[in-house]
1. I need the shape label for the range 113-187. Rule: rounded when a/c is under 1.5, else prolate if a/b > b/c, else oblate, with a, b, c from the alpha carbon gyration tensor.
2. Would you mind checking the pairs K39/K250; K437/K662; K145/K372; K309/K600 and listing those with alpha carbons more than 27 angstrom apart?
3. Could you pull out the GluC sites (Glu not before Pro) across the range 48-141 that fall in loop regions by DSSP (anything but H, G, I, E, B) with no more than 10 other Cβ atoms inside 10 Å?
4. In nanometres, what is the gap between the two model label sites at K81 and Q640, each 7 Å from Cα along Cα-to-Cβ?
5. Just report the Cα centroid separation between the range 64-120 and the range 364-401, whole Å.
6. Using a Förster radius of 60 Å, what is the FRET efficiency between K399 and C138 based on their Cβ-Cβ separation? Nearest 0.05, please.
7. Return the FRET efficiency for the residue pair H487, E513: r is the Cβ-Cβ distance, R0 is 30 Å, and the value is rounded to the nearest 0.05.
8. Considering the options S660, G641, G675, tell which one lies farthest towards the positive end of the dipole of the range 622-687, charges being +1 on Lys and Arg and -1 on Asp and Glu at the Cβ, about the Cα centre.
Amino acid sequence: MSTTTQQTLSQKFENFLTRYYKNQVMELAKSYPQKKSLKIEFKDLNNYDPELCDKLIEKPDKTINSAQNALKNIDLPIDKKLEDTNIRFIELTKSEKVLARNIRSHHIGQFISLEGIIRKATEVRPKLTKAHFECLRCGHEQKIKQDGNDFKEPYECNGCERKGPFDLNEDKSEFMDSQKIQIQEVPEKLRGGEQPQDINIQVEDDITGKGVPGNRVIINGILRSYQKTNTKGKTNLFDVYVDCNSIEIKEQEFREIEITEQEKEKIIELSQDEEIYQKIIDSIAPSIYGYKNVKEAMTLQLFSGVPKKLPDGSRIRGDIHTLLVGDPGIGKSQILRYVSNLAPRGVYASGKSSTSAGLTAAAVRDEFGDGKWTLEAGALVLADKGIATIDEIDKMDSKDRSALHEAMEQQRISIAKAGITATLQSRCALLGAANPKYGRFDEYEPIGEQIDLEPTLLSRFDLIFTLQDEPDEDEDSKIASHIMTSHETGEISHRNRGTESDSDIGDIEPVIEPDMMRKYIAFSKQVTPVLTPDAKEQMKEFYIDLRAAGEEDESPVPVTARQLEALIRLAEASARTRLSEDVVDVDAKRAINIVKECLKDVGVDPETGEYDIDMLATGTSKSQRDKIRALKEIIDELDQGGSGASKQEVVEEAEDRGISEKDVHDIIQRLREKGDIIEPKTGNLRTA
Ligand code: ADP
Ligand code: MG
């Protein structure tokens with residue numbers, strides 16, 4: 001009975017292939033064995049015979065086998081035999097895609113389709129499929145088919161009937177490329193801070209090495225189980241993996257978020273509201289009091305500028321990177337979580353991340369790869385085309401620091417380690433939060449020096465905000481009542497008692513619901529606003545003025561071209577908030593304002609009151625640099641014989657030139673720590 005069904009299955013596939021896939025089969029035959037896969041679209045099979053589709057889902061092993069046999073049996077007009085081919089089924093339509101979290105025991109043995117993002121991928125390495133043994137006693141040869149991961153040896157020799165020993169002849173054995181990957185649920189399918197789940201995928205033969213970490217893929221294959229073991233041996237628990245039949249790599253056209261016609265109408269209606277900009281800002285983390293500027297920046301970051309391709313092939317990012325540096329306990333983490341939930345593709349991670357991939361990516365050799373190297377994607381790769389929010393970014397690993405430079409500006413991460421060389425995409429916006437270097441801001445130190453990140457890294461942020469926790473009775477009372485109201489609102493929704501007064505709730509509830517907002521943002525990404533001449537002129541003027549302000553007292557360039565790019569991105573994002581194709585006057589003004597605020601926050605030289613972005617870039621303000629230079633000159637002048645200058649004389653000379661004794665001591669202290677000044681003997685100073 002079962003053989004007849006087998007035959008009819010094979011015959012059905014043979015009919016199907018000769019009728020509908022004749023060209024594809026011929027093409028495969030021509031390029032065989034360089035190419036060895038025939039792809040069959042699920043819908044074609046369904047049109048031909050829906051029953052075959054059901055069979056594929058329910059009895060995939062048998063069905064795929066029959067299809068492969070059918071292909072072997074087809075009469076080809078050319079002299080080739082398709083001995084060793086794969087049939088790969090793609091674009092499953094019949095059933096919904098299964099999420100990793102929804103996999104249940106009834107799926108075991110079935111053909112399923114999973115959607116995810118590749119998180120890990122091992123190197124491609126050969127795997128033994130048919131072992132060729134020689135009996136060392138009598139020389140008899142025998143073959144044993146290998147499946148699974150365990151090595152199977154002959155029980156006894158078929159020739160002399162003794163139990164070996166046997167020798168594996170590698171030349172005569174057959175191998176197949178093999179790779180293990182892990183996919184993770186895509187961020188847009190997760191809500192409310194859910195942790196994404198993973199599932200392992202076994203990939204073999206000609207589809208190995210196709211996807212890299214960060215790729216969004218659909219995996220079609222058979223769900224298999226294997227018995228878990230612990231130190232005592234086998235257990236009753238089973239784990240699952242997918243035996244991959246086909247991988248579909250989705251690049252641009254990945255459906256972000258489903259938006260219905262009705263929702264689309266609502267979005268367009270909202271976009272025409274005169275107050276839309278403010279309404280969006282008010283919908284960002286409404287439970288956090290204040291931070292007008294920060295919330296405006298978050299808004300623009302969520303909507304983002306437009307990436308550009310230049311004729312020379314290079315690319316300019318459209319994503320806006322922002323950094324919040326602030327005292328502890330002022331709501332930074334809360335804001336980050338909110339933004340990451342609001343973003344259509346948000347990934348939340350901590351700088352102190354526990355995964356080996358960290359923030360960027362890593363090549364590791366661990367249990368997952370069974371001895372092979374594994375390439376693993378970190379937060380910025382997983383957030384490709386979305387927002388990565390990184391809390392405590394100042395605590396990140398040193399290897400992440402260097403990789404982050406490339407990840408933020410070129411938006412890719414290059415890895416070359418062991419057998420792995422790869423370039424992963426990280427086209428995402430970064431929202432980082434950090435505490436000041438000494439835990440809290442010290443108001444007497446320039447702020448630039450208190451941010452514990454390299455200047456080169458800082459300069460890659462479009463906007464940097466510093467948030468200080470200064471006691472202020474009036475403000476504190478407002479924050480307090482705001483927090484009280486949030487808590488009350490939470491309690492009410494717990495108990496489901498409607499006793500709240502409308503005015504209180506108004507502050508806490510977002511004007512636009514998060515779900516709607518997410519769709520609005522996703523929808524806005526289709527709009528690519530262009531600068532109007534007026535907006536262009538305004539931003540150019542602002543930028544040139546800023547640069548000129550630095551020139552007057554010969555201060556080194558205070559503003560770099562990065563600020564101009566930031567302005568453009570911000571203005572574009574502003575236009576997107578009302579789904580407008582034109583970046584107009586008001587967009588330029590908003591961008592300029594917010595950049596001004598940020599410069600004030602961090603770039604202002606506290607001693608001259610001038611804009612000095614260089615302070616950020618080098619960590620030292622201009623006036624301070626002048627003092628350092630003067631002090632080094634004094635030391636060199638007074639240091640006659642090379643044995644050093646007397647500290648006392650240096651202080652006196654410096655005071656004559658207008659540098660206070662305290663400053664001198666501070667600077668000397670700092671320069672000694674950096675090794676710029678050495679003390680050859682107590683009380684004497686020499687420049688290094
Ligand atoms: P941080 O990450 O800056 O150290 P958190 O985000 O963990 O701080 O905030 C600590 C708590 O204080 C959170 O529960 C947050 O809601 C509350 N909080 C701090 N500042 C505000 C504010 N301005 N408005 C409302 N709640 C606040
Ligand atoms: Mg925090």
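The values are calculated or read from the model by the stated rules, or taken from the named source; none is laboratory data. What you are looking at is a predicted structure, and each value in this text was computed from that prediction instead of being measured. Note that each Cβ is placed from the backbone with ideal geometry, even for glycine, and that neighbours are counted across all protein chains shown. To get the accessible areas, we keep the full protein, side chains included, count just its heavy atoms, and leave off ligands, DNA and RNA. Shrake-Rupley method; radii C 1.70, N 1.55, O 1.52, S 1.80 Å.
1. Note, shape of the range 113-187 comes out prolate.
2. K309/K600
3. Of the GluC sites (Glu not before Pro), the ones in loops of the range 48-141 whose Cβ has at most 10 other Cβ atoms within 10 Å are E83, E96.
4. 10.0
5. 31
6. The computed FRET efficiency comes out at 0.60.
7. 0.90
8. Going by the charge dipole, the pick is G675.
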